1. Would you confirm whether any residue within segment 43-51 is closer than 25 Å to Arg154 by Cβ, in a helix (DSSP H, G or I) and either within 20 Å of the chain's Cα centre (by Cα) or touching a residue at least 60 places away in the same chain (Cβ under 8 Å) (or both)?
2. Taking Val145, is it touching a His at 6+ places or on another chain (Cβ under 7 Å) and free of Cβ contacts under 8 Å to residues at least 60 places away in the same chain?
3. Taking the condition of being crowded, with 17+ Cβ neighbours inside 10 Å and either polar (S, T, N, Q) or touching a residue at least 12 places away in the same chain (Cβ under 8 Å) (or both), how many residues in segment 206-217 meet it?
4. So, of the residues in segment 68-105 that are under 30 Å from Gly219 (Cα atoms) and surrounded by 22 or more Cβ atoms within 10 Å (Cβ to Cβ), which turns out to be farthest from the chain's Cα centre (by Cα)?
5. So which residues in segment 1-36 are in a helix (DSSP H, G or I) and farther than 21 Å from Ile124 by Cβ, if there are any at all?
6. Let me spell it out: the conditions are (1) in contact (Cβ under 8 Å) with a residue 12 or more places away in the chain; (2) at positive phi; (3) not aromatic (Phe, Trp, Tyr), and Ala220 meets all of them except one. Which number is the exception?
7. Mind listing whichever residues of segment 125-138 are under 15 Å from the mean Cα position of the chain (by Cα) and either assigned to a strand (DSSP E or B) or crowded, with 24+ Cβ neighbours inside 10 Å (or both)?
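Rule-based calculations on the coordinates, nothing more; no lab input. Quick caveat, the model's predicted, so the values are computed rather than measured. A quick note on method: Cβ atoms are made from the backbone with ideal geometry, for glycine too, and the neighbour counts reach across all protein chains shown.
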Amino acid sequence: MASPDTIKKALARIAAQADEAIDVAEAALLLASFDHPASDLQIYREHLKAIAEAVHDAATTAAAGIDAENPAPEDMARALNKVLVEEFRYAGDEDTYDDLDNANLMRVIERRRGLPVALGILYIFAARAQGWGAAGLSFPGHFLVRLETRDGRRIIIDPFHSGRLMETQALRELLKVVIQDNSAELEAAHYKPVSNREVLMRLQNNVKTRRMELNEVDGALEAVASMQVLDPDNATLWREAGVMHMRLGRIKHAVESFEGFVARAPEGPDRRKIGQVVEELRERLH
């Protein structure tokens with residue numbers, strides 16, 4: 001059984017690596033284990049290994065007709081979907097989308113259901129295990145994955161909807177839906193790849209949001225704490241932690257968190273306002 005402190009230290013070791021060295025699936029399992037510290041992660045690691053091996057087989061079997069040395073991105077998607085969708089039966093959870101289990105990679109593996117970002121992590125892991133280029137995209141409201149060949153050929157797939165190919169028109173329609181604006185148009189920023197840390201932050205942001213919607217402030221605070229391990233200089237996280245501590249009546253911890261925000265935030269109205277809050281809270285402590 002791993003203690004939360006042991007899990008946090010393991011996550012910190014991963015977070016200390018250069019971004020390109022971060023194993024998003026391993027980090028996501030550690031994040032999931034905060035909610036299930038008694039679970040044996042090796043079981044899930046073996047499942048990930050099985051996925052990677054199955055994709056390798058799907059891409060190299062002669063009958064597949066795939067150039068194993070330089071597969072087209074469409075062939076990458078075909079091999080990934082054959083394994084994740086057809087063989088292992090992964091799918092987006094449209095019926096209980098807001099279920100917290102959908103953002104916990106251990107539970108996603110057990111249930112074969114999840115959020116776009118959780119399923120996207122499986123696609124990214126499986127693709128990278130083959131040496132293929134794969135990254136999440138900075139698309140608003142719905143996590144997408146870009147597959148890329150060594151010579152720069154690219155496609156975008158939707159891990160939530162069976163890894164379907166997302167061409168320009170499909171992306172345009174999805175954008176209008178997720179931001180609820182029929183006049184919305186695609187921008188270059190929507191195609192921008194995100195870092196491994198940003199993928200993990202997006203995963204945990206779902207946990208934080210769900211916990212707050214359920215008024216589970218302690219749980220939301222735990223999610224923020226895990227995000228702080230991944231991105232300790234993110235001033236916004238320190239402010240959010242301060243607000244949550246205040247809601248829980250933990251004034252001393254609120255002061256510490258708000259001080260963390262002030263130390264990291266750029267000069268401006270927000271920093272000055274929180275600085276004043278810190279002074280007022282210190283008065284309450286004396």
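1. Scanning segment 43-51 turns up at least one residue that is closer than 25 Å to Arg154 by Cβ, in a helix (DSSP H, G or I) and either within 20 Å of the chain's Cα centre (by Cα) or touching a residue at least 60 places away in the same chain (Cβ under 8 Å) (or both).
2. no
3. Final tally of qualifying residues: 5.
4. Tyr90
5. Of everything in segment 1-36, those that are in a helix (DSSP H, G or I) and farther than 21 Å from Ile124 by Cβ turn out to be Pro4, Asp5, Thr6, Ile7, Lys8, Lys9, Ala12.
6. (2)
7. The answer is Ala134, Ala135, Gly136, Leu137.
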